[in-house]
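Please read the structure below before turning to the comments.
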Amino acid sequence: MNDTITVFKGDGIGPEITDAVLSILDAAGAGLNYEIFSVGAAEYEAHGALIPDDAFASFEKNKILLKSPITTPVGTGFRSLNVMMRKKYDLYANIRPAKSNPAVKTPFPNVDLVIFRENTEDLYAGVEEMIDENTAHSIKIITRACSERIIRDAFTYAVRQNRKKVTCIHKANIMKLSDGMFRDIFYEISKEFPQIEADDKIVDNAAMQLVMKPEQFDVMVMPNLYGDILSDLSSGLIGGLGLLPSSNLGCGYAMFEAVHGSAPDIAGKGIANPTAFLWSACMMLDHMGKQEVSLRIRKAVDEVLMEGTAITPDLGGSGTTADYVHAIIQRLS
Ligand code: NAI
């Protein structure tokens, strides 16, 4: 059966890794049709819209989006399209698994954690104002409803995936009302899941513990900003941003993207690592009930990483994106 998905080719390395991933999905026989759109800063300069209307319409019809990274100007200019997509479609659960791969040598061979990042509020609500010319306010918003649903999703995932523990990350010692409520709700909901151990850590301690003893973490749930920072930290533990996939799930809609950005420093050089985006596509296949295809792709990737001759420079190799994709496709056929 062929399923139709929406694909956004973003900026920087976005188009390169999109082409790479779609060719692997086709070679694996994923049975997908693609509605492909160019979005982001480059599209804005060419046609005056960051995301064309027909791209939104396609996502609203297909409900599944494979999205490559988009450049966001710092300080000035348009607001993050990623934040906008997450809010517009209420993609509230950002799920980011970080697992050590035996083929990628790092000082941390035993990482196997999954971050559940609340995706719609906290400091990302975008409520900012200048009080006077020297004072800016940025409002942190935490609500019971949004906290409950991400925390319940994290525990439900832990049960379904045979995980043992969920850790709540917060800064409730300082933000007693907002993070304090998040932590209180966490322990309220934990009572619905007596088979799963529940504990909590203050975010600065969690950052240190992640580097000292990452194997103690299993499923982690946290407000938006901490999730953004700790998931990049986790990608560093397992070998870099080129290896961290993610899904953004909401009611009826699902968006899959790599955690990394558009990497303008290497765009156009043909050396981008498409693995994080490919594993995001594998999360998409799992979500669509195509676990058999996803498993075959993961196995081929593991073999190519282990073999080591076609890997990209970020992983210490000298291969190009094309070499890497070619090696994966050879193992699929
Ligand atoms: P970045 O993740 O694009 O790059 C950070 C470093 O990691 C760079 O040295 C880059 O070359 C390297 N890197 C990232 N992905 C890689 C890959 N697949 N293969 C090999 N090396 C890779 O972060 P940066 O530079 O802070 O952001 C660049 C732009 O991306 C900004 O405009 C930012 O707003 C945007 N961004 C977009 C995201 C999205 O669309 N989901 C997420 C994060 C950032």
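The values are calculated or read from the model by the stated rules, or taken from the named source; none is laboratory data. Given the structure is predicted, the values throughout are model-derived calculations rather than measurements. Ideal geometry is used to build each Cβ from the backbone, glycine not excepted, and the neighbour counts take in all protein chains shown. Surface areas here come from the heavy atoms of the whole protein model, side chains and all, with no ligands, DNA or RNA. Shrake-Rupley method; radii C 1.70, N 1.55, O 1.52, S 1.80 Å.
Round to a whole number: what % of the accessible area of region 107-238 belongs to carbon and sulfur, probe 1.4 Å?
Values: 3460 of 6320 Å².
Taking all protein chains in place, region 107-238 shows 55 percent carbon and sulfur surface.
Using the per-residue mean of other Cβ atoms lying within 10 Å as a proxy for protection, in what order, highest first, do the peptides 217-230, 29-42 fall? If you can, show how the numbers build up before the last one.
Working: 217-230: 23.6, 29-42: 18.4.
By packing density, highest mean first, the sequence is 217-230, 29-42.
Compare LEU278, LEU241, LEU233 in a GNM of the chain, Cα atoms joined below 10 Å, and give the one with the largest fluctuation.
LEU233
Rounded to whole Å and sorted largest first, what semi-axes of the equivalent ellipsoid does the C-alpha gyration tensor of region 107-238 yield via the square root of 5 times each eigenvalue? Could you put the intermediate results ahead of the total?
On the way: eigenvalues 140, 69, 28 Å².
Taking √(5λ) for each eigenvalue gives 26, 19, 12 Å, largest first.
Hey, can you grab everything whose amide H is under 5 Å from the amide H of ILE36? Only 5+ residues off in sequence or another chain; H modelled, so Pro and N-termini drop out.
Sorted by chain and number, the residues that satisfy this are VAL7.
Express the carbon and sulfur contribution to the solvent-accessible surface of region 243-333 as a percent, rounded to the nearest whole number, probe 1.4 angstrom.
Details: 2050 of 3620 Å².
Heavy-atom surface of region 243-333 belonging to carbon and sulfur, 1.4 Å probe: 57 percent.
To the nearest µm²/s, what D does Stokes-Einstein give for the chain at 25 °C and 0.890 mPa s, using the Kirkwood radius over alpha carbon pairs as Rh? Intermediate results must be reported in sequence, preceding the final value.
Numbers: Rh = 20.6 Å.
Reported coefficient: 119 µm²/s.
Have a look at LEU25, THR167, PRO15 and report the one farthest towards the positive end of the charge dipole of the chain, computed about the Cα centre with Cβ charges (Lys/Arg +1, Asp/Glu -1).
So the residue we want is THR167.
GluC sites (Glu not before Pro) within region 164-228: which are DSSP loop residues with at most 12 other Cβ atoms inside 10 Å? Walk me through the numbers before you get to the answer.
Values: sites: GLU188, GLU192, GLU197, GLU215; in loops: GLU192.
Those satisfying the criteria are GLU192.
Report, in deg cm²/dmol and to the nearest 500, the calculated mean residue ellipticity at 222 nm for the chain, where each DSSP H run with n ≥ 4 adds -39500 (n - 2.57) and the sum is divided by the residue count.
Working: 11 runs with 136 residues, N = 333.
Only helices count here, giving -13000 deg cm²/dmol.
Please sort 125-137, 288-300 by packing, taking for each peptide the average over its residues of neighbouring beta carbons within 10 angstrom, highest first.
On the way: 125-137: 9.5, 288-300: 16.6.
Ranking the peptides 125-137, 288-300 by packing returns 288-300, 125-137.
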